[in-house]
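Enquirer: Shown below is the structure under consideration.
The values are calculated or read from the model by the stated rules, or taken from the named source; none is laboratory data. Just so you know, these numbers come straight off a predicted model, no measurement behind them. Every residue, glycine among them, receives a Cβ derived from its backbone with ideal geometry; neighbour counts consider all protein chains shown. The area values use the complete protein model at the heavy-atom level, side chains included, leaving out ligands, DNA and RNA. Shrake-Rupley method; radii C 1.70, N 1.55, O 1.52, S 1.80 Å.
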Amino acid sequence: MSDFPIALHGERLTAVVIGGGSVGTRKALALVAAGAQVRVVAPQVTPELEAAERARQLTIVRESYGAEHLGRSTLVVAATDSREVNARVALDAHSAGKLVNITDYPDEGNFHTMALHRSGDVTIAVSAGGVPGAAARIRDAIAERFDGRYERAVSALRGLRSRLLSDGGHEWGDVAPKLLGDDFCSSVEDGSLADKVESWR
């Protein structure tokens, strides 16, 4: 089975996480960090989730799971310690046409999360055939190269692109090939890209 990677706009997501243990906490807080509106459904939750609730980062429904808890969510995560409950969440979510991740049996869902490296506007996600430890090692190796230099470079490029497009967009079509050519990575790493971007301001 092949993965089809996409990047969802976190701030446009309404997510529900079923389960308030360590796995549910990790999933819920990752969604919060991405800007999603998050609801956690669990009779008991971790102190980390309680702190996030106090900070108004998410809401908690302290109940056992029922299909009604899926509501109008666009994304569902089943992260309880019960195989039976997670399987029921999968069935209900599929029936409702939702994106669903089943943490204890990923093949039961229709998506799985990847090992992420974030540096400003740069997000790198790695999937490794259902072996998360391998994905994490690969991500860490990539992160050693794609560090803060790339964050600064992409931020500068984004600003330049936005300005040029707001002026009609024609000039960006001339600039992009010069800034994003085969030497892009080397110019980021040796610092010369910053001078190139500055020359177009």
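Enquirer: Compute the separation of the alpha-carbon centres of the range 28-66 and the range 96-125 and state it in Å as a whole number.
Expert: 18
Enquirer: Sticking with this structure for a sec: For a test of the definition: using alpha carbon positions, the gyration tensor, and the 1.5 limit on a/c, classify the range 65-171 as rounded, prolate or oblate.
Expert: On the way: a/c = 3.87, a/b = 1.73, b/c = 2.24.
Oblate, since a/c reaches 1.5 and b/c is not below a/b.
Enquirer: Compactness ratio of the chain: Cα Rg over 2.2 N^0.38 Å, N = residue count?
Expert: Working: Rg = 20.6 Å, N = 201, 2.2 N^0.38 = 16.5 Å.
After normalising by residue count via 2.2 N^0.38 Å, the value is 1.25.
Enquirer: Shifting gears a bit: Mind checking the full-extension length gain between GLU189 and ARG118? Use 0.36 nm per residue of separation minus the Cα-Cα distance, one decimal, nm. Intermediate results must be reported in sequence, preceding the final value.
Expert: On the way: separation 71, 0.36 × 71 = 25.56 nm, distance 1.76 nm.
Length gained, GLU189 through ARG118: 23.8 nm.
Enquirer: Lysines within cross-link reach of LYS178: Cα-Cα under 22 Å, excluding same-chain residues under 8 positions apart?
Expert: Answer for LYS178, where 22 Å is the Cα cut-off: LYS196, listed by chain and number.
Enquirer: Please get the size of the charge dipole for the chain, origin at its Cα centre, with Cβ charges of +1 on Lys and Arg and -1 on Asp and Glu, quoted in debye to the nearest 20. Intermediate values should be presented prior to the final figure.
Expert: Working: 23 positive and 27 negative charges, 94 e Å.
So the dipole magnitude of the chain works out to roughly 460 debye.
Enquirer: Okay, moving on. Tell me, what HN-Hα J-couplings in whole Hz come from the Karplus equation 6.51 cos²θ - 1.76 cosθ + 1.60 at θ = phi - 60° for each residue of the range 62-73, using x for Gly and Pro?
Expert: 8, 9, 6, 5, x, 4, 5, 6, 5, x, 9, 4
Enquirer: Subtract the Cα-Cα distance of ASP167 and ALA87 from 0.36 nm times their separation in residues, and report this length gain in nm to one decimal. Please list the in-between numbers first.
Expert: Details: separation 80, 0.36 × 80 = 28.80 nm, distance 5.24 nm.
Difference between extended and current length: 23.6 nm.
Enquirer: Also, I was wondering about something else. Amide H to amide H, which residues 5 or more places from LEU13 or on other chains are under 5 Å from it, using H placed in the peptide plane?
Expert: Those qualifying (amide H under 5 Å, at least 5 residues apart or on another chain) are GLN37.
Enquirer: Next up: How large is the accessible surface per residue of the range 154-201, computed with a 1.4 Å probe and reported in Å² as a whole number? Walk me through the intermediate numbers first.
Expert: On the way: 2990 Å² over 48 residues.
Heavy-atom accessible area per residue stands at 62 Å².
Enquirer: First compute the accessible area of the range 65-201 with a 1.4 Å probe, then give the percent of it belonging to carbon and sulfur atoms. Let's see the in-between values first.
Expert: On the way: 4130 of 7970 Å².
In the range 65-201, the share of accessible area belonging to carbon and sulfur is 52 percent.
Enquirer: Follow-up. Quick check for you: with a 1.4 Å probe and neighbouring chains kept, what is the accessible area per residue of the range 1-136, in Å²?
Expert: Values: 7720 Å² over 136 residues.
About 57 Å² of surface per residue is accessible.
Enquirer: Hey, what did the chain get for relative contact order, percent, Cα under 8 Å, at least 6 apart?
Expert: On the way: 276 pairs, mean separation 25.8, N = 201.
Here the relative contact order equals 13 percent.
Enquirer: Another question, then. Give the relative contact order (percent, whole number) for the range 87-165; include only Cα pairs under 8 Å separated by 6+ residues.
Expert: On the way: 74 pairs, mean separation 15.7, N = 79.
Once divided by the residue count of the range 87-165, the mean separation gives 20 percent.
Enquirer: For GLU11, what accessible surface area do you get with a 1.4 Å probe? Give it in Å², rounded to 10.
Expert: So the heavy atoms of GLU11 present about 120 Å² to solvent.
Enquirer: Provide the packing ranking of 51-61, 100-110, 27-37, i.e. peptides ordered by the mean count of other C-beta atoms within 10 Å per residue, highest first. The partial results should precede the final answer.
Expert: Working: 51-61: 14.2, 100-110: 18.2, 27-37: 19.7.
Most protected by this proxy first, the peptides run 27-37, 100-110, 51-61.
Enquirer: Taking θ as phi - 60°, what are the ³J(HN,Hα) couplings along the range 79-90 by the Karplus curve (6.51, -1.76, 1.60), each to the nearest whole Hz, with x for Gly and Pro?
Expert: Ordered by residue, 3J(HN,Hα) equals 9, 7, 8, 10, 4, 5, 5, 4, 5, 5, 4, 4 Hz.
Enquirer: On to the next question. Ranked highest first by average number of other Cβ atoms within 10 Å, how do 14-24, 39-49 line up? All intermediate terms of the calculation are to be shown ahead of the outcome.
Expert: Details: 14-24: 22.8, 39-49: 18.6.
Per-residue mean Cβ counts within 10 Å order the peptides as 14-24, 39-49.
Enquirer: In degrees between 0 and 90, to the nearest 10, how far off the longest principal axis of the chain does helix 22-33 point, with axes built from Cα atoms?
Expert: Helix 22-33 and the main axis of the chain meet at about 40 degrees.
Enquirer: First measure r as the distance between the Cβ atoms of ALA141 and ASP107, then evaluate 1/(1 + (r/R0)^6) with R0 = 35 Å and state the FRET efficiency to the nearest 0.05.
Expert: 0.85
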